[in-house]
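The values are calculated or read from the model by the stated rules, or taken from the named source; none is laboratory data. As the structure is a prediction and not an experimental result, all values here were calculated from the model. Don't worry about glycine lacking a Cβ; one is built from the backbone with ideal geometry, like all the others, and counts go over all protein chains shown. Just so you know, the surface numbers come from the protein's heavy atoms only, side chains and all, with ligands and any DNA or RNA stripped out. Shrake-Rupley method; radii C 1.70, N 1.55, O 1.52, S 1.80 Å.
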Amino acid sequence: MNYRSNKASDEIVETLKKQTHFSKDEIERLYNLFKKLTSSNEFYSGIQIFPQSYYIEINNSVGMERIMFKEILHDVFHILTEDILIDRIFSAFDKRSDGIILVDEWILGLSVFLRGTLEEKISFAFFVYDLNLDGLITKDEIFILLRNCLIKLPQDDDPDESIKDLVDITLKKLDWDRDGKISYQDFRKAVNEDNLLLEALGQCLPGDDIYVVLVKVRTNKCYEMISTGNTDATYSSKMKRTFQNHEDGIKKDKLRNRRTSPYGMLFFVIAVLYELLYLILQFIVTTMESWYLTLFPKKMKSLAGEIILVTGAGHGIGRETCYLYAAEKAILVLWDIDEKGITETRKLLEDRGYNDVFIYKVDVSDRNDVLENAEKVKKEVGDVTILVNNAGILPCRPLKDHSPELIEKIFKVNVFAHFWTLEAFLPDMLEKNRGHVVAMSSFCGILGLANAVPYCASKFAVRGLMEALSEEIRCGDGNKKEKCRIKFTTIYPIMVNTGLVKNPRNRFPFLLDLLPPEKVASIIVKSIRREYKEVSIPRAMLTMDRLSRLIPEKFNHYVRDFLDTGLDPDN
C-alpha cells in the first residue's frame, strides 16, 4: 500500500479505520498532519523545527526518524522521560522495526496513545518497560527505569540505596504472584486493581487532554499549534471545551430543526413508526422462537474437558451436580469451607471411577481467600471455563431475631462470594470470549417469604447481579467486533431436601413438596448444557410469578393464604 500520497486514499482510510479507534475524518486529519510534519522545512525561533535529516524515505514512503519523534513526544505530548523510555516508545510505534515510523504506524500508535482501552494501554506500557524483551521485568530493569526519579543529595552516603528501596516497593506492588519478577499477567492484574500503577515505572503515555489537539482541530491549525509549542494542558482543555460546545450546538440545532421544520417533523414521525413496526416484528419472531424452543429444546452441549468450579460442593445440590458433571467427563474443582465434606465428595467420585477432581478448602465469603485459591487453581488445574456459585446459608427466623452479625454473614456467603469469584475468573473468560457463569438463586429470589427476610434479600440480589452482569457483557464497551459468547444461567429452585430447610410448611405436598437434590441436580445440569438464562424448579413457577404480578395484590394474598406454603422458624 502506497503511503507516499499527500492525501489518504479510501483504501488506506478503511484499513486503518478497522484497526484503530479513530473515525474516517480523524484518520484523514492525522494522515495529513503526518505528511505536513515530515515534509516541513519551516523555521521557529530561528531554529529549523524538523530538519531534512529528521525524516527519511524508505520504499517511496516518507518516515519519521527517532530524533523527530522524540521532539514530538516532548513538545506535543509533554512526555518528559528518560531516553531509554523514549527509545522503547519509538520501538512500540515502529511495528516494522526498520528504524522509522511510517504513517500507518503513526496512526496505529496514536490509536493506543489517544483512544486506547485500558487493556491496550497495559500491553503498550508493559512492552515499553520490558527492556530485555523477554516477557519479564526484573529488579535490575526496574532499577534502570527508576534510578533518576529521586533527587540525590550530596550528604547521601549511598544514593542508590533509596532507589533500591523504591524498587522493592514497586516490585511488591506489581509482582502479583510474588516470584521476584513482573510478568505481563502480574502487571495486568496490578493495573486492573489500581489504574494509577499503569505508569509506575515511568511516563510513557500522554495526558487525556491532548487528543483534541491532534484529532479534532483542523490540520493547519494543529500544525501551527505544534510549531509554536502551544499544546499545553490548559490550552488543550480550552480547545476541548470549545469543540464540545460546538458539537453540542450542532446537535441541538439538528434536534430543533427536526422538531420545528414540517419536513423534519414528518421525517421524525416516519422514522419512529418504522422502528415501532420493526420492534413489533421482532416481538413476533422472538415469541415464535421461544415457543419453538420450548417444544423442541436446543441440543445439549458437551461438558467433556470443561474445567468446572463448584462452590459449596461438600454436600447437597453441589455434591449431586458434581456426580453429573463427572459423568460428562468434566474436570472438577471443588470448593467448600467444610474440608471434611469436599474430601468425602472427592472419595465418592473416585469410587465411581472419576479421578479428575481437585479440592480446596475455601471460605468464599473471604475475598482474599477466594483470590489466593483462584491463583492456585489456575496454576494447578487451568483456567475455569464454567463457574458454579452454589454455596449458600439459610437461617429461618423473623427479622427481629436476626443479629447484625448473622445478616452480614448471609450476605457475605450468599451475595459477596459471587463478586469475589467473578473477580477471580470472569476476566479470563472475557479475554478468551468463552465461559459460563451459573448462580444458584432461589424461589426466595422471586417471591418474598416470611421468616427469611435477609435470605430473600440476598437471593433477590443474586438475581439482580446476574441480570445486570449479563446485560453489561451483552452491551460490551462499544469496541468489540465479536459477539460475546459467555453464557449466564440463574437457577431458582423451590424448597430442596438438603437440610437447609428445616421446617417447611406445605398444605398441598403433591403440588409443592420438598424436592430431592438428585432431581434438582439433574435439571440444573441439563439447563447449563442447554444454556438457559433462567430456570425455576419447578419450571412453571417462574412464569406463574410473572403472571401474578399482573393481578391485584390483595388477590395474591388470598392465593398465598389458600396455598399456605412457606417456612416456619428454626427451632
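Remarks
- Taken as a whole, the condition of being touching a residue at least 40 places away in the same chain (Cβ under 8 Å), surrounded by fewer than 23 Cβ atoms within 10 Å (Cβ to Cβ) and of a type outside the set (D, E, K, R) applies to A424.
- The test for being of a type in the set (V, I, T), surrounded by 14 or more Cβ atoms within 10 Å (Cβ to Cβ) and more than 16 Å from M541 (Cβ to Cβ) does not hold for V496.
- Within the stretch 329-347, being open to solvent by 60 Å² or more (accessible area, probe 1.4 Å) and in a loop (DSSP other than H, G, I, E, B) holds for K329, I337, D338.
- Residues that are assigned to a loop (DSSP other than H, G, I, E, B) and either open to solvent by 60 Å² or more (accessible area, probe 1.4 Å) or modelled with pLDDT under 85 (or both) were ranked within the stretch 532-560; the one that is farthest from P297 (Cα to Cα) is P552.
- Residues of the stretch 455-474 satisfying the condition of being surrounded by fewer than 20 Cβ atoms within 10 Å (Cβ to Cβ) and of a type outside the set (A, V, I, L, M, F, W, C): R463, G464, E467, S470, E471, E472, R474
- At least 3 residues being aliphatic (A, V, I, L, M) and within 18 Å of I528 (Cα to Cα) is the threshold, and among the helices (runs of 4 or more DSSP H) wholly inside the stretch 362-459 those reaching it are 417-432.
- Residue match in the stretch 363-370 (condition: hydroxyl-bearing (S, T, Y) and in contact with a strand residue (DSSP E or B) (Cβ under 7 Å, 6 or more places away or on another chain)): no
Here's the yes/no breakdown for (1) buried (at least 18 other Cβ atoms within 10 Å of the Cβ); (2) at pLDDT below 85:
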residue	(1), (2)
N192	no, no
N195	no, no
K216	yes, yes
S237	no, yes
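- Complete set of residues in the stretch 426-452 that are touching a Gly at 6+ places or on another chain (Cβ under 9 Å) and either closer than 20 Å to L371 by Cα or charged (D, E, K, R) (or both): L426, D428, M429
- Members of the stretch 254-284 that are open to solvent by less than 70 Å² (accessible area, probe 1.4 Å), of a type outside the set (S, T, Y) and modelled with pLDDT under 80: G264
- Filter pass, R546 being of a type in the set (D, E, K, R) and farther than 29 Å from S290 by Cβ: no
- Residue within the stretch 366-373 that is among the aliphatic types (A, V, I, L, M), on the phi < 0 side of the Ramachandran plot and open to solvent by 10 Å² or more (accessible area, probe 1.4 Å) present: yes
- Residues of the stretch 347-385 that turn out to be closer than 20 Å to N414 by Cβ and under 23 Å from the mean Cα position of the chain (by Cα), as a count: 10
For every residue, the table says whether it meets (1) assigned to a helix (DSSP H, G or I); (2) over 20 Å from L33 (Cβ atoms); (3) open to solvent by less than 50 Å² (accessible area, probe 1.4 Å).
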site	(1), (2), (3)
D87	yes, yes, no
S91	yes, yes, yes
G99	no, yes, yes
W106	yes, no, yes
K121	yes, yes, yes
V128	yes, yes, yes
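- Checking each residue in the stretch 108-118 for being touching a residue at least 24 places away in the same chain (Cβ under 8 Å), not aliphatic (A, V, I, L, M) and not in a loop (DSSP other than H, G, I, E, B) picks out S111, F113, R115.
Residue-by-condition table, conditions (1) in contact with a Leu (Cβ under 8 Å, 6 or more places away or on another chain); (2) modelled with pLDDT of 95 or more:
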{"site": "W335", "(1), (2)": "yes, yes"}
{"site": "I342", "(1), (2)": "yes, no"}
{"site": "K347", "(1), (2)": "no, no"}
{"site": "D351", "(1), (2)": "no, no"}
{"site": "D383", "(1), (2)": "no, no"}
